[in-house]
Every structure is written in C-alpha cells, then in structure tokens.
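S.K.: Sharing a structure here in structure tokens format.
Laboratory data are not the source of any read-out in this text; all were calculated from the coordinates shown. Computed from a predicted model, the values in this text were never measured in an experiment. Please note: Cβ atoms are built from the backbone with ideal geometry, for glycine as well, and neighbour counts cover all protein chains shown.
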Amino acid sequence: MENSPQPPSSTPPLKTPSIKENRVRKIAPLYYSRKDIITALHKFSENREISPRYFEGFGKRPDIFQYPSDVSMLVKKGATSFHCSEEIWQDPTELSTDLSQEQIDNLRTGWDLIIDIDCPWIDYSKKAAIAIIKALEYRGVNNVGIKFSGSKGFHIIVPWNAFPKEVNGIETKKMFPSWPRAIVNYLKDLSRPILAHLIKDEKNDFTKQKDYTGVKCETCNNLSSENFEINLRCPSCNPPYIETFRTHTKEYKEKKCPTCNNKLIEKDSKKFYYCSHCEFNSLENPDNFNEEIISMDIFKILGLDVLLVSSRHLFRMPYSLHEKTGLASVVIDKNKIEDFELKHADPLNAKTLLFTPESIHGEAENLLIQAIDFDKTQEREKPKLKFKSNQNPYQNNGKEFEPIKITEIKEENFPPVIQKILVGMQDGRKRALFILMNFFKSLGMTMEDIEKKLNEWNKKNKPLLKQGYINSQLVWHSKNKPVLPPNFDNPIYKELGIYEMDHLSSKVKNPVNYVVRKAYGDEQRKKEAERKAKRKKKKK
C-alpha cells in the first residue's frame, strides 16, 4: 500500500464518541476481518483511487490497496469505511492537483457510469432504481450492477467495458465527466414516465412535499424556480441611476445610489420562472411555462445525483460500512430490488456478490449516442443572455453573459478580498488563482492582460505556483465562457484567510458588482465635474 494515511490529527483527543461512532467502531474490526469482504474490497479497488474514512475525516489522497492485507491495516488504524473513484487509472498514485487536464485525461484509462439514487424514503428509492434499470434495458444495456448505499439509496453501475472506445473519432475515456453527466440527464428524461407509472397508486401525496411542486419547464419537464426581477431607481440624480437585478425572493438588502448615496426606490418588480437546466425564463420565453399547471418533480423527490459524476469524485465502495447507519453497502440482484430489506445489509449477515457484472463490449454504445444527441438538443435550445449596461451581472441565474466592458480597470477599485489575494498567497494559491481568473475575465480583460497580471501576482506567492499549471488554466479559460467569481458570502474567502468587507462590499453580492459600482461612480463624478466646469465657463 502506498501513501498510507494516518487518522486525522484535527480530531480532538478528549472528544466523547457518539453512540453511532462507538457502534461502528465495534463492528468494523470484526466485519472487515471477513476474508470475503476483504477480497470484495480489494478486487473492486483495482486501478482505482481509494480513500479510507476515519468515521469523521478522510485519509490522504491519492491512495490504493496494493494488497488485500492493506484493508486490515487501515482498519487497525481506525478506518471505518472505504471510498473509491468512478474513474479507472493507469496508476492512481500519480494523481495530483498539480496535473493539467490533459495529463489527467492521459492518465485515465476509462470510467464506470455510477448513478446515485438518494431518497429520504427507501421504498421510493427502490422504485427509482427499477425505473432507471428499465430505461437502461430499453436502450440495450442489460448487464448492470446495483448496490445499497448503506443508508436509504442505491448505486447503479454500468461497467466501462459496456462503452465504445470512441464515438465519431472522440476517445470516450477523455470525455469524463461530460458524457457520463449527459447519460444521467438522458436517463432521467427516459425513466420519468416509467417512474410516474410505478408510483401513481401510492398513498403518499408527493404534492405536499415542500419545494417539490411548481411550474414545469415545457422543454425538459423539470420544475422551474420562482424568481423576481426588481427595478430600482435613484429619486435624486438626474438623469436617474437605474439598477435592475434578479433574486430568488422578494426580500433584498437596501441598496444605495453609488453617486449620491441616497436609498434606491423600487420602481416595479416582476415574478418570473427560471429553468436552470434549459436556462429558459418566462420573461423571454413565456410560452415555455404554464403558470396555471402545478407539477411535481419526481426525481427531486426521489433523488438522482448528477453531481456524483465529477472528476476524482469518490463514492462508497461495495461492502463498505456506512457510519450513520452501521449497515453495509451490499450488492443486490437487479431482479430482486423490491425484495430488498435493511436487514439484508446487516454487516454480520451480509453475503457477497460481484458489483461489476460481465458486460458485452459496446452494449451501451446506443445509450451513449442517444445521450450525446439529447445533450446537444438541450444545448441548442438554451438562449444566450446579454446584459443591459445597468443590469447587475450577478443576478443572471447561472446564464451566460457578455463580459463587462469598463473603460479603465483600476486596481484601487477592486474589493478588499481581491486586493488581499494580489498581495501574494502562501496557502490556497490554486483556489486564489480560480478566483482571480474568473474575476479578471468577467471584467472583460483580454487573455493577454490576464496572463500578464497572473504572472506578476505569482511572483509574490510563496512558494510560486508551477507555470505549467497557470498556463493550463489560461488555456482552459480561453476556450470557455466567463463565470463570475464566488460571492462575498461564499466560505472560500474565510477559508483562505482573506475575508474583509468594507462599506460597499456589504452592499453588493459579488466582486464584479463591486468594481462595476466603483467604475460607475467614477464615471458619474467625472461627468458631474465636466458639467460644473462647463457652468463655470459659461458664467465667465
């Protein structure tokens, strides 16, 4: 075993273990001493990154099981569960946060499709799992595995061998996580009517569940969110300062005019609906939303986690214990899902089965092609949004936006959190780079200027970021749409030790808003000075 982790040192030595922790710690040594459990864990870990969990904290990454005995060794050190990657690697120990995306893609040899179903009610998780498997079979994928998550959900696996090596000349192994995500979204759409049929006679009234009902997007059938577009204006300035922004609630912080500092008055507000999947809203696409029909989002109720499909994401290994329940993540027969009961996951009685079935090479090719086409169709239907000059760029509900164009970008107009980053960082340099990259690009700076600015900043870091890493980030961002930096209330600023708010920071939500406000104020003051100069000239 390589890079063998020690239990987290951050755990307070005098902390009193909970009842759950005591129970799991008593069960773990006995359970993980079973030869069949050790074999199952070791076999599934082949060419995968693994990480042990010490009840509350995870071990160091990357790690592997080199030998079956490594499982027992980690349990003796206090490990209570084991987690592994969806991705399959040439050598997991070579993984590093310093690697570029190209290097990661070259290190990856494949990936399994893992579908995570997580529902508050296990009976409905079963129905969701059945619906997904029926949808897979409909597209010709018959060899799938399923395991209990250890709590109230299930994990479904479509093995890497089921996928073609390439589609239209594109290597499948390099399309993680975009193609697996496309498949999960496609399966949600394909299995929706199956699931609706399975639960139609249930007594539970889903429409009473909070946040599970609303106005449906007619394009993708997902629920839309209720939002408000607020128009504010300054009663004192002439011409008046006007600000338009969008928010999830009618309540918002008092806003002041950046020129005269008077309170902005609400001129009007409009309620609208927004689909985060299609990026449609009822203001621009009213026909896509029928406010008279209240629908329910089945998969929001039953849980289908697309985010499980992300780079280097770990999921609970088959036959690993679950800290909260003390149950084992047991593999079950896909034809006996309805018969599954929690007692079958009792670690003292768990029976081992293979999670990864023998699949036919390429049997998921049709599924993958259909999912890619479905994803492209969804992408084509997404509208592009361009902001008005006086509109708050933050309130775009995740839509694409044109970078702000500011005549003169002054560092003195940057918010305190950005200025503290620019002084240089010792810890969190990569996260700081992420913030700066999005901040500069959202301000409309050219990639050449951004590169120059970042290289100047990196000279102040101790130690310096590797130039190759910065270059790879520049290349990636040059090919993608601008994304706003994290809002001021995001915990990342406190985690980096750079959190500092001034008067204006508390009035706006995002660092880009801050600069826009400052720049607008500068422009208004400049115009006012010019007007005064003209008046003086006329008097003379």
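S.K.: Debye sum, Cα scatterers, the range 25-150, no solvent: what log₁₀ I/I(0) at q = 0.10, 0.13 1/Å?
M.R.: The Cα Debye sum returns log10 ratios of -0.42, -0.70.
S.K.: May I ask which of LYS507/LYS536; LYS43/LYS343; LYS60/LYS453; LYS20/LYS253 have a Cα-Cα span longer than 31 Å here?
M.R.: LYS507/LYS536; LYS60/LYS453; LYS20/LYS253, as the Cα separations exceed 31 Å there.
S.K.: Against the 2.2 N^0.38 Å scaling, with N counting residues, where does the range 411-524 land? I'd like the Cα-based Rg ratio to two decimal places.
M.R.: The range 411-524 yields a ratio of 1.03.
S.K.: In addition: Do any of LYS147/LYS351; LYS147/LYS336; LYS126/LYS173 go past 23 Å between their Cα atoms, and which?
M.R.: Violating the 23 Å Cα-Cα cut-off are LYS126/LYS173.
S.K.: Could I ask something else about it? Mind sorting TRP111, TRP121 by how few other Cβ atoms lie within 10 Å of their own Cβ, fewest first?
M.R.: With the fewest neighbours first, TRP111, TRP121 line up as TRP121, TRP111.
S.K.: Under a point-charge model restricted to the Cβ atoms of Lys and Arg (+1) and Asp and Glu (-1), what is the dipole moment magnitude of the range 213-296 relative to its Cα centre, in debye to the nearest 20?
M.R.: 540 debye
S.K.: Taking other Cβ within 10 Å of each residue's Cβ, how do LYS507, LYS452 sort, fewest first?
M.R.: Final ranking by Cβ density, sparse to dense: LYS452, LYS507.
S.K.: Then there is this: Using 7 Å Cα-to-Cβ label points, what is the ASP287/LYS250 separation (nm, one decimal)?
M.R.: 3.1 nm
S.K.: What list do you get for LEU30, LEU136, LEU190, LEU496 if you sort them by fewest beta carbons within 10 Å?
M.R.: LEU30, LEU496, LEU190, LEU136
S.K.: If R0 is 56 Å, what FRET efficiency do you get for ASP339 and LEU107 from their C-beta distance, rounded to 0.05?
M.R.: The calculated FRET efficiency here is 0.85.
S.K.: Under a 5 Å amide H to amide H cut-off, with H placed in plane at 1.01 Å, what residues pair with PHE272 once short-range neighbours are removed?
M.R.: Here the answer is ASN227, PHE228, GLU229, since their amide H atoms fall under 5 Å of that of PHE272.
S.K.: Taking the Cβ of LEU436 as the centre, find all other residues whose Cβ is under 13 Å away and add up their charges (Lys, Arg: +1; Asp, Glu: -1).
M.R.: Net local charge, LEU436 excluded: +4.
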